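The block underneath contains the structure these notes are about, expressed in structure tokens.
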Amino acid sequence: MTDKYRVVVVGLGKRGMHHALAFQANGRFEVAGICDVDPGRLDAAAARLSGCVKGTDALQVALAVKPDVFCFCTLPNLRSAMIRIGIQSGARLIAFEKPVALNSREGMEIKKMLAAAGIKAVVSHQHRYGEHYRKVEEIIASGALGRVHTVYATATAWMMHNLSHLIDYMRWYNGNAEAQWVMAQAAGDGKLSDLHPSPDYIAGFIQFANGVRGIVECGAGAPDVPEVDYWWRKCRIGAQGTDGFAEVLTAGGWRAVTKTGAASGGGCMNYDLDMPPYVQDIADWLDDDRKVHPCNFDSAYAGFEIMMALCRSAVDGGQVALPLTDVADEIEMLRAYLAGHTVLPSTPANAKEYLRAEVKLIGVSS
Ligand SMILES: NC(=O)c1ccc[n+]([C@@H]2O[C@H](COP(=O)([O-])OP(=O)(O)OC[C@H]3O[C@@H](n4cnc5c(N)ncnc54)[C@H](O)[C@@H]3O)[C@@H](O)[C@H]2O)c1
């Protein structure tokens, strides 16, 4: 026995391996069990994480190990079943990947299960740890922007990949304020059949309780971020206040204009840099209840709820009040509403990603 927190990691793809290796590299943790339904991935992971229990059945591995931390990094179609296993295993904390769920029905079920079990949970919105993301937050918190009235975010990748990230960082830049209502539009059904099912484009407004306006766009119709070459990282998140603005580009550093002048700096989203402090904050929260993890479930859930409300507004029209009080399957709502609708992309690069081969690109020059 060691005094390290014992971890089980389920789903050993890209993000599962990021988590497993970051836990293993941190002296406070020991990866004691690993699981993937793909035996090839399981063996490859076992070769890098020797000495732990391995298996293709998450429940069996979890019950054999009885971990302190149950971590799962499966695709978004698998959430509540894994939360149930994590609770059954007796873990003190569940660490899992965004998005919280694919619809509010499952999201609310997860929230209830975690609350009933009295268990801690974190959701991986780890971009927060990027030096450029943090710099923007520091500038906002210093008061250099005056009274913040607007937070905004755009990403060209689709909703289930990026929107919960965007909303999480907008909320952070706005002092984690709660939202009162949202209003949105959506277009294009192509990515509804993706493993991260999403409308091709969704855009909307968020009214925060502190009076700040949120403006968000995600997907094919989102604007280019010309400062960044890598399409997957064309994300811009920022805040405007009475005395200036500050924004981060996921792969393009930060910049600000305030009363004292213009300033800018580097920084690029980097899993190798973001995962170690994310994992260290898990140890700190396990050690001390007062050191609540910045990516705690309640915060992620508030962002998830905003995302689901945006979907409902896109289908039903009008403003949607928060918090949500009833459950729905927002992806099925969008599927019915957008069936047969083709999106109009805003750039040739977006067209390449979103338009099916048979669709002619009209009005977008290359
Ligand atoms: N936070 C971030 O920056 C970030 C970045 C990329 C992806 N993600 C999220 O991470 C999650 C995983 O994405 P990924 O790219 O690592 O996916 P992936 O496909 O590379 O890995 C998923 C793994 O889960 C395994 N799996 C599926 N069902 C399982 C089961 N029942 N039991 C055990 N293993 C099972 C698969 O075999 C696969 O190895 C997604 O929700 C995605 O949105 C987050």
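Tell me, what does the Kirkwood hydrodynamic radius of the range 1-95 come to in angstroms if you use every pair of distinct C-alpha atoms?
Kirkwood radius, the range 1-95: 12.7 Å.
Rounded to the nearest 10 degrees, what's the angle between the helix 159-173 long axis and the longest principal axis of the chain, both from Cα atoms, 0 to 90?
Once rounded, one gets 80 degrees.
The range 209-256: which GluC sites (Glu not before Pro) are DSSP loop and have at most 13 other beta-carbon atoms within 10 angstrom?
Here the sparse-neighbourhood loop sites are Glu227.
Would you please give the residues with an amide H less than 5 Å from that of Val148, counting only those at least 5 places away or on a separate chain, with H modeled from the backbone geometry?
For Val148, the qualifying residues are Thr242.
What is the ratio of the Cα radius of gyration of the range 142-247 to 2.2 N^0.38 Å, where N is its residue count, to two decimals?
1.09
How do Ser346, Ser264 rank when sorted from fewest to most other Cβ atoms within 10 Å of their own Cβ?
Ser264, Ser346
Label-point separation (nm) for Leu59 and Phe205, each offset 7 Å from Cα along Cα-to-Cβ?
Spacing of the two 7 Å Cα→Cβ label points: 4.9 nm.
When a footprinting reagent is the concern and you count Cβ atoms within 10 Å, what order do Thr156, Thr56 take, fewest first?
By the 10 Å Cβ count, ascending: Thr56, Thr156.
Between His149 and Asp224, what is the spin-label point distance in nm, taking each point 7 Å from the Cα along the Cα→C-beta axis?
Output for this residue pair reads 3.1 nm.
State the percent of C-alpha pairs, over all pairs in the range 174-322, separated by a distance greater than 24 angstrom.
Counting pairs separated by more than 24 Å, the tail of P(r) holds 48 percent.
Where a Cα-Cα gap under 21 Å defines reach, which lysines qualify for Lys135, not counting those fewer than 8 residues away within the same chain?
Straight-distance partners of Lys135: Lys234, Lys259.
Which order do Thr154, Thr260 fall in if you start with the one that has the fewest other Cβ atoms within 10 Å?
Placing the least packed residue first, the sequence is Thr260, Thr154.
If Rh is defined by the Kirkwood formula over all Cα pairs and Rg also comes from Cα, what ratio Rg/Rh do you get for the chain?
We get a ratio of 0.97 for the chain.
Determine which lysines satisfy two conditions relative to Lys54: a Cα distance under 23 Å, and not lying fewer than 8 residues away in the same chain.
Lys4, Lys14, Lys66
Rule-based calculations on the coordinates, nothing more; no lab input. What you see is a predicted model, and the numbers here were worked out from it, not measured in a lab. Ideal geometry is used to build each Cβ from the backbone, glycine not excepted, and the neighbour counts take in all protein chains shown.
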